[in-house]
Amino acid sequence: MAAIPLPVKVSSLKGHFTNAFPFKKPLLCQNNNNTLELGTRRRTLPVVVVTRALSQTNESMMASIITDLEKEEQQEKVSKEESDARKLAECWRKIHGEDNWNDMLDPMDPFLRSELIRYGEMAQACYDSFDFDPYSKYCGSCRFNRRRFFESLGMKSLGYEVSRYIYATANINLPNFSRTQRVDPDDPIWSRNANWIGYVAVSNDETSVRLGRRDITIAWRGTVTKLEWIADLMDYLKPLSADKIPCPDPTVKVESGFLELYTDKDENCRFCKYSAREQILTEVRRLIQRYPKEELSITITGHSLGAALAVLSGFDIGENVSHLTADGQSVPISVFSFAGPRVGNVRFKERLEGLGVKVLRVVNVHDTVAKVPGLVLNEHVPEFLQKMAEGLPWSYSHVGVELALDHKKSPFLKDTNNPPNFHNLEAHLHLLDGFHGKSKEFKASNKRDIALVNKSSNFLKDTHAVPPNWRQDENKGMVMNEEGRWVQPERPKLEDHPVDIHHHMKQLGLASD
């Protein structure tokens, strides 16, 4: 019997059968090794079975064979997923920097790549859920209820639950956001100074088994408000102790704007009457106490300003909270930052490393944000010059390990000189998906949808026919009420802070009564 060419996937075979032979479309290929080839897989079947099936006009017999092959293919898929889960559970400490990612970046370790993309998507969720609309009375808040956060974003399969939202402010006498003045004084905006800036999430039971530990994740959003842009520009170094962050070394300094955004609060606002720092430390302590007998990890992620806050909060947790376990053992802390600026001076870097906090910085080599502050005085200047400039307020040093990507290696992206594209988080995740090593060809690994690159940019080549900045709310968030009028929908009451936050603050020495 002559072989029938063009093997295809099992799932594509059904629906092509006819009661007359030959088939309208070639489906199966019998090779010289007495196997039936389907797509890229080979299934061993006796030649007589294949011959009999092909020589008869019995569609049910063919369907039975294909069903058996489908079951085998599905079993192999499940087996591979279970195998990958076991490997991930076994090597998670390496993925989180136990060996500073030696031999994992070039060539790129596939498990590390997948985990980086996963945490990057958790940071991207901060943008996708943020209310940017200046006409909304909820502008600056999260658009979704905390308990349905990932479900609302189509990320329920992630296997995490948000335990609390994080709010921040800055004590600068300027409007915080381009918020419009509302006509109705009885219907004011939710807050004039607070902004939702991220969340704390914890892996559920099923995901914790797959990961090999209970993972506490903190995700920070990047710059979007006026006050945050001002914070970014306050690029002189300031001692941590100046904002009452305990540190035995008074020469440890960080960028002033990042520090103030992390520690500022407004006691007259129900959302930011506690600083972002107080919210983070109390929640991490609460979660550590909630799972006293489990192996834990603390993973912090963020983009741009969020990357800086991820590094700063990682330092703070390592200095003041991570050791507060039942057995006194420190919980491992890892920071996966994207397009992050420098945060502090060389003493900050040394202290962070001494605390055992692991930082992996994912950057696009063409992105300017990852090169500031400290454009002149930084870790690249000779060591003697670093020592001489140690006391200056503009001498910075990057921390951790850098994973450098290059958007010019992607065949999907435009050759453009648009800096926001270079900085875009979705573009970074696209580059991660295709990165295999510095000298290796760009090749998508996780089959991540390239359309996501243009979610909030115009970076994809036009030949892919994906419109720029395509992500938007239907009807700009307006809905028709019972009276037939188009209005902004009301939301459930916005949560501020858990009732036990003051208790945990007292235990951490952040409150006296």
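The values are calculated or read from the model by the stated rules, or taken from the named source; none is laboratory data. Remember, it's a predicted structure, so these values are computed and weren't measured experimentally. Glycine also receives a Cβ, built like all others from the backbone with ideal geometry; neighbour counts cover every protein chain displayed. The area values use the complete protein model at the heavy-atom level, side chains included, leaving out ligands, DNA and RNA. Shrake-Rupley method; radii C 1.70, N 1.55, O 1.52, S 1.80 Å.
List of remarks:
- For peptides 334-340, 476-482, sequence by mean Cβ density within 10 Å, most packed first: 334-340, 476-482
- Values of log10 I(q)/I(0) for the range 410-486 across q = 0.25, 0.27 Å⁻¹ run -1.20, -1.32, by the Debye formula with one identical scatterer at each alpha carbon and no solvent.
- In Hz, Karplus ³J(HN,Hα) per residue of the range 86-99 (6.51, -1.76, 1.60; θ = phi - 60°; x = Gly, Pro): 4, 5, 5, 5, 7, 10, 4, 5, 5, 4, 8, x, 3, 10
- Computed log₁₀ I(q)/I(0) - Debye formula, equal Cα scatterers, no solvent, the range 283-330, q 0.27 Å⁻¹: -1.00
- In this structure ARG448 has an accessible area near 40 Å², from a 1.4 Å probe over the protein heavy atoms.
- Directionally averaged projected area (convex hull, Cα atoms, the range 454-506), nm²: 7.8
- Using the Cβ-Cβ distance between ARG210 and ASN446 with R0 set to 22 Å, the FRET efficiency from 1/(1 + (r/R0)^6) comes to roughly 0.85.
- Here SER241 and LYS371 are evaluated by their C-beta separation; at R0 = 22 Å the FRET efficiency comes out at 0.20.
- The range 386-459 - accessible surface per residue (Å², probe 1.4 Å): 48
- The label point for ASP106 and the one for LYS293, both projected 7 Å from the Cα toward the Cβ, are 4.7 nm apart.
- Segments 89-100, 298-309 sorted - mean Cβ within 10 Å per residue, highest first: 298-309, 89-100
- Translational diffusion of the range 363-513, µm² s⁻¹ [Kirkwood Rh, Cα pairs; Stokes-Einstein; 10 °C; 1.306 mPa s]: 78
- Amide proton proximity set for MET108, modelled H, under 5 Å, gap of 5+: GLY437
- Neighbourhood charge, 15 Å Cβ-Cβ cut-off, centred on MET480 and excluding it, Lys, Arg +1 and Asp, Glu -1: -3
- Apportionment of accessible area to carbon and sulfur, the range 405-513, percent (1.4 Å): 50
- Built amide H within the under 5 Å cut-off of ASP133, gap 5+: GLY140
- Computed extension length for ASN268-GLU70: 65.0 nm, one decimal, from 0.36 nm per residue of separation with the Cα-Cα distance subtracted.
- For the range 393-403, Karplus couplings with θ = phi - 60° (6.51, -1.76, 1.60), whole Hz, Gly/Pro x: x, 10, 9, 10, 8, 5, 10, x, 10, 9, 10
- Ordering 499-507, 265-273 by mean Cβ neighbour count within 10 Å, with the highest value first, yields 265-273, 499-507.
- Across the accessible surface of the range 209-296, with the other protein chains kept in place and a 1.4 Å probe, carbon and sulfur atoms take up 52 percent.
- Note that the range 421-427 has calculated 3J(HN,Hα) couplings of 5, 4, 8, 4, 5, 4, 5 Hz, one per residue in order, obtained from phi through the Karplus relation 6.51 cos²θ - 1.76 cosθ + 1.60 (θ = phi - 60°); glycine and proline are x.
- Summarising the amide proton neighbourhood of TYR167: residues at separation of 5 or more, or on other chains, whose placed amide H is nearer than 5 Å comprise ILE197.
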